[in-house]
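Below is one structure, written out as structure tokens; the observations come after it.
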Amino acid sequence: MTPVPTRISIASRSTAVIVIASGGTELSVEGGLLSSLPDGTFAVAPGPGVKVMHVHGPARLAVTVGTSSGTIKMSGPLGRVAIVTRSGRIHIAEAEELDVRTTSAVIEVGSCTGDCHVVSTSGKVKLGHVGEAHVSSVSGSVTVGLAGTAEVRTISGNVSIGMAGTGGNITVRTVSGAVEGVLVNGGSPSFSLSSVSGRVECNIPSGNDGSFAASTTSGAIRVSRQ
Amino acid sequence: MSVAVSGAIVFTDIVGFTDVTDQHGDDAAEEILTWQEKIVGSVLPPTGKVIKELGDGLLLWFSNARHAIETSHRLQQCFEEQPVPGIAVWVRIGGHWGKPRWRGDDIIGRDVNLASRITDLAGPGEVLCSAALVHASGPIAGVRFEELGPVFVRGFGEPVLLMRASWEPSDA
């Protein structure tokens, strides 16, 4: 019986990479070359002149992708996903763990149940529902729809983050970026909000449902309920 | 003729230092750099040395790969304590094991360039390592190396395998 592939590594300079995870057990590649490695994992590279490469694999497949530019799109439930690219557009629908780093690519993530590390220089970062977010950006904006726990650092990028208010700790630190916190559910976390020269606005009484800490030098801070 | 010796090449870079200087002024910038100089001097093992300062960054050399990674972690811990109260300062660190050419007290060559490019990919508070550095180091108690996959590094033809070093909370 052929074992279900659990991990693939994709290296592509500029070919668009589309990964589709589904309920099957097969691994197949269109527009690329698949080779098995001694450690049981698989390496994928685009064929000559190929513009778009499609990879179909089983659910919970772990995927690492290294590209210079080009679109990276992943759909279906994936395991650990690691992506390093300079530019382009990255869309990941669903992953258990994530590590994405880029100079200027736009990053969109639907959901990530576990650790979600994102490092961006100037690209926009937009995360949906994440378990534990660690996001840093120099000038790109960061939007997190709903995070259990999060640590966000930017220099000048604005940050918008939703928290459940049912526990979990959110920490946002920026130099000049604005911070917007949104309590998605009914709880009240403890607040620690400080801005040296920016406006701080929060009308929610401090509670014990986790914590929300935001600090900035010149950015404004605003916390509200949804 | 210059000499080539194997060792760990480590770059540090203060993230957004220009913005910090713009927001807080030259006195704060100088205070941060003076502080950095002091803490680097205090955490460097006998196997490590500062090759040179590069604005707000440093080029470090270690003859021992494990010491390079451990020292990088100690530096990150120091930076978490905020050198100047009220000013968020983060450093990113990247390292590679290679055989650079020595020109007097300086090092040059492909491996130095690669270490610099690896640092560009690190986020604030992170330590990124080439697979070569991790291989030279071997396992370190309390450290987890997470593979980031094949990475196309600017100026290099072939992808490079990178790892993110993360420390267990008990050691952090």
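Bear in mind that the values in this text are calculations on the coordinates, not laboratory data. This is a predicted model, so every value here is computed, not measured. Positions of Cβ are generated from backbone atoms using ideal geometry, with glycine treated the same way; all protein chains shown enter the neighbour counts.
Please arrange A:Lys126, B:Lys49 by counting, for each residue, the other beta carbons lying within 10 Å of its beta carbon, fewest first.
B:Lys49, A:Lys126
Grab the DSSP H runs of the protein assembly as shown that are 4 residues or longer, score each as -39,500 (n - 2.57), total them, divide by all residues and round the 222 nm result to the nearest 500 deg cm²/dmol.
Taken over the protein assembly as shown, the calculation gives -5000 deg cm²/dmol.
Answer rounded, prolate or oblate for the protein assembly as shown, using the Cα gyration tensor with square roots of eigenvalues a ≥ b ≥ c: rounded when a/c is under 1.5, else prolate when a/b is larger than b/c, else oblate.
In terms of gyration-tensor shape, oblate.
Taking amide H positions as placed 1.01 Å from N in the peptide plane, with prolines and chain starts having none, which residues 5 or more places from A:Ser22, or on another chain, fall under 5 Å of its amide H?
Here the answer is A:Gly57, A:Ala59, since their amide H atoms fall under 5 Å of that of A:Ser22.
Report the antiparallel proportion of the DSSP beta bridges in the protein assembly as shown as a percent, rounded to a multiple of 5.
30 percent
Give me the one-decimal nm value for the distance between modelled label points at B:Arg103 and B:Thr34, 7 Å along each residue's Cα-to-Cβ direction.
Distance between the two pseudo-spin positions: 3.3 nm.
In terms of the Cα gyration tensor, with a ≥ b ≥ c the square roots of its eigenvalues, is segment A:1-144 rounded because a/c is under 1.5, prolate because a/b exceeds b/c, or oblate?
Oblate shape, in that a/c is at least 1.5 and b/c is the bigger or equal ratio.
Taking only Cα atoms and a 10 Å spring cutoff, compute GNM fluctuations for chain B and point out the largest among B:His135, B:His67, B:His96.
Of B:His135, B:His67, B:His96, the Gaussian network model singles out B:His135 as fluctuating most.
Sorted from fewest to most neighbouring beta carbons within 10 Å, what does the list A:Cys202, A:Cys112, B:Cys78, B:Cys129 look like?
In order of increasing Cβ crowding within 10 Å: A:Cys202, B:Cys78, A:Cys112, B:Cys129.
Can you list the HN-Hα couplings for segment A:66-72, worked out from phi with the Karplus curve (6.51, -1.76, 1.60; θ = phi - 60°), rounded to whole Hz and with x for Gly and Pro?
Along segment A:66-72, the couplings run x, 9, 8, 7, x, 6, 10 Hz.
In whole Å, what is the distance between the alpha-carbon centres of segment B:83-128 and segment A:76-136?
24 Å
Have a look at A:Arg80, A:Arg153, A:Arg199 and tell me which one the Gaussian network model of chain A (Cα, springs below 10 Å) gives the largest fluctuation.
A:Arg199
Would you be so kind as to identify which of A:Pro189, A:Val84, A:Ile161 lies farthest towards the positive end of the dipole of segment A:65-194, taking Lys and Arg as +1 and Asp and Glu as -1 on Cβ and the Cα centre as origin?
In segment A:65-194, that residue is A:Val84.
Given Cβ point charges of +1 (Lys, Arg) and -1 (Asp, Glu) and nothing else, what value in debye, to the nearest 20, does the dipole of chain B about its Cα centre take?
So the magnitude is around 920 debye.
Is the C-alpha gyration tensor of segment A:95-203 telling us rounded, prolate or oblate? Criteria: a/c under 1.5 is rounded; beyond that, a/b larger than b/c is prolate, otherwise oblate.
Note, shape of segment A:95-203 comes out oblate.
Putting +1 on Lys and Arg Cβ atoms and -1 on Asp and Glu Cβ atoms, find which of A:Ser12, B:Val50, A:Val109 reaches farthest to the positive end of the dipole of the protein assembly as shown.
A:Ser12
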